[in-house]
Amino acid sequence: MQFSYTQDQQDIRAKVREFALTKMEPTSEERDEFERFDRDIFDSIGELGWSGIPWSQRFGGGGSDFLTYAMVIEELSRVCASTGVMLSVHTSLASWAIHTYGTDAQKQTYLFPMAQGKKLGAYCLTESESGSDAGAMRTTATKEGDAYVLNGSKLFVTNGGEAEVYIVFAVSDAQNKQKGTTAFIVEKGMEGLIFGTKENKLGIRSSTTMELRFEDCRVPADNRLGPEGEGFRIAMRSLDGGRIGIAAQATGIGQGALDALVAYQEQYGVRRSELFDASFSEMASHIEGARLLTYQAAWRKSKGLSYGKQAAIAKLFASDMAVKVCLRAVQLCGVWGCLKESKVERYLRDAKVTQIYEGTNEIQRIVISRLLLSETT
Ligand SMILES: Cc1cc2nc3c(=O)[nH]c(=O)nc-3n(C[C@H](O)[C@H](O)[C@H](O)COP(=O)(O)OP(=O)(O)OC[C@H]3O[C@@H](n4cnc5c(N)ncnc54)[C@H](O)[C@@H]3O)c2cc1C
């Protein structure tokens with residue numbers, strides 16, 4: 001076991017930190033207040049080579065690994081969790097699905113520009129009747145000649161409306177339940193893809209979350225992702241990896257709240273006390289625990305080892321940690337912690353969302369328990 005970072009990892013972390021503080025931090029409060037998605041941030045991330053970190057250079061990526069990727073999501077989220085989730089969904093869910101299941105032509109057409117930061121990705125699974133129970137989805141895909149015709153709607157799509165590439169899951173064989181689900185790559189601009197309401201949210205307000213409708217949306221058969229009937233598996237496997245991104249996001253939020261608490265102490269000359277010392281050390285310990293769990297899952301993914309259980313544990317622990325740490329930070333800042341300018345109130349709102357998406361924490365407990373039991377039986 002080796003607990004050290006490569007020089008490249010140390011360099012990239014320092015660069016992301018500088019980028020986050022200079023390019024994201026100055027507008028973070030205003031973007032949150034007005035729910036403003038800033039495409040320039042994604043464009044800059046692309047130019048810096050961080051929109052496809054784990055993919056090989058052949059596919060336009062950075063040729064690095066998932067551990068480095070997790071560190072980047074963490075550092076971005078330490079300043080702005082909305083940017084963290086925008087990049088996490090783009091990479092862990094949308095790009096990963098194409099990288100893993102796409103044809104060479106799909107990789108050239110979609111993955112390459114996504115890895116280069118020229119196209120943004122999104123992942124569309126949730127519907128009004130199917131959140132935790134993804135198998136209850138109703139969006140249909142009917143084969144007609146050399147195309148599939150999609151009808152239905154998807155809710156809460158991160159990067160919705162802004163993204164150019166949508167991974168969409170639909171029922172292609174209603175008799176076959178989960179094995180009748182197929183994945184598709186749908187492009188912005190395809191006829192019948194309609195952008196609906198943008199949600200007004202508690203947290204991660206400067207990432208867009210939108211409803212998508214499919215009204216006789218003709219998707220070329222060449223845009224089917226993976227075999228017919230593999231969609232549910234693709235959706236679930238994508239979420240396994242997505243949880244590493246969310247765990248990294250939550251770790252960054254916890255660290256950002258602790259940073260803000262320290263800044264508050266310095267700015268207002270708050271007297272250090274045993275209570276503060278105890279809280280600081282406890283918060284820092286919990287953040288470090290989340291970081292190690294996240295990095296373990298990311299490292300396993302990079303090494304080609306199984307990572308579903310580790311990713312679910314990291315997501316559960318890190319998101320619960322983020323809420324606890326942020327609540328404590330708000331409390332220790334007193335009334336200032338309730339003000340917008342304190343930042344900790346934004347971190348608390350952002351932290352809460354990490355317990356809900358990419359599988360609620362109740363669902364993580366079920367996933368972890370099943371995996372643990374399957375190991376012992
Ligand atoms: C900001 C945001 C961004 C999102 N982005 C995306 C996205 O990009 N793409 C996408 O497809 N979806 C996205 N989602 C949707 C998200 O993944 C779902 O909200 C999540 O899966 C939960 O589904 P639900 O909200 O319908 O809750 P429900 O499934 O209705 O659950 C309600 C409550 O019941 C609990 N519950 C449900 N089933 C069980 C069970 N079997 N045992 C115990 N408890 C249970 C849940 O844990 C939860 O507490 C996003 C959500 C948010 C908030």
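Annotations for the structure displayed:
- Scanning segment 133-157 for residues that are at pLDDT 95 or above and out of contact with any strand residue (DSSP E or B) (no Cβ under 6 Å at 6 or more places or on another chain) yields LYS143, GLU144, GLY145, ASP146.
- Residue within segment 235-251 that is within 14 Å of the ligand (Cβ to nearest atom), surrounded by fewer than 20 Cβ atoms within 10 Å (Cβ to Cβ) and within 20 Å of SER88 (Cα to Cα) present: yes
- Tally of residues being in a loop (DSSP other than H, G, I, E, B) and of a type in the set (Gly, Ala, Ser) across segment 86-106: 1
- Verdict on GLY229 being of a type in the set (Gly, Ala, Ser), within 18 Å of THR91 (Cα to Cα) and either surrounded by 23 or more Cβ atoms within 10 Å (Cβ to Cβ) or more than 16 Å from the ligand (Cβ to nearest atom) (or both): no
- Residue in segment 253-270 that is touching a residue at least 12 places away in the same chain (Cβ under 8 Å), within 30 Å of ASP133 (Cα to Cα) and not assigned by TED's automatic domain parsing to the domain that holds ASP38 present: yes
- Evaluated against (1) within 16 Å of the ligand (Cβ to nearest atom); (2) under 14 Å from the mean Cα position of the chain (by Cα), ILE98 falls short on exactly one condition, (2).
- When we screen ARG213, ARG243 for residues that are touching a strand residue (DSSP E or B) at 6+ places or on another chain (Cβ under 8 Å) and not acidic (Asp, Glu), the only hit is ARG213.
Rundown of residues vs (1) on the phi < 0 side of the Ramachandran plot; (2) surrounded by fewer than 16 Cβ atoms within 10 Å (Cβ to Cβ); (3) away from the ligand (no atom under 15 Å from the Cβ), yes/no style:
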position: LYS177; (1), (2), (3): no, yes, yes
position: ALA183; (1), (2), (3): yes, no, no
position: GLY192; (1), (2), (3): no, yes, yes
position: PHE195; (1), (2), (3): yes, yes, no
position: LYS201; (1), (2), (3): yes, no, no
position: SER207; (1), (2), (3): yes, no, no
position: MET210; (1), (2), (3): yes, no, no
position: ASP216; (1), (2), (3): no, yes, yes
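- Strands (runs of 3 or more DSSP E) completely within segment 112-171 that count 3 or more residues being within 8 Å of the ligand (Cβ to nearest atom): 121-124, 147-158
- Sole residue being outside any loop (DSSP other than H, G, I, E, B), over 12 Å from the mean Cα position of the chain (by Cα) and away from the ligand (no atom under 12 Å from the Cβ), chosen from THR109, THR83: THR109
The values are calculated or read from the model by the stated rules, or taken from the named source; none is laboratory data. Fair warning: this is a prediction, and the values are worked out from it, not measured in the lab. Virtual Cβ from ideal backbone geometry, glycine too; neighbours counted across all protein chains shown.
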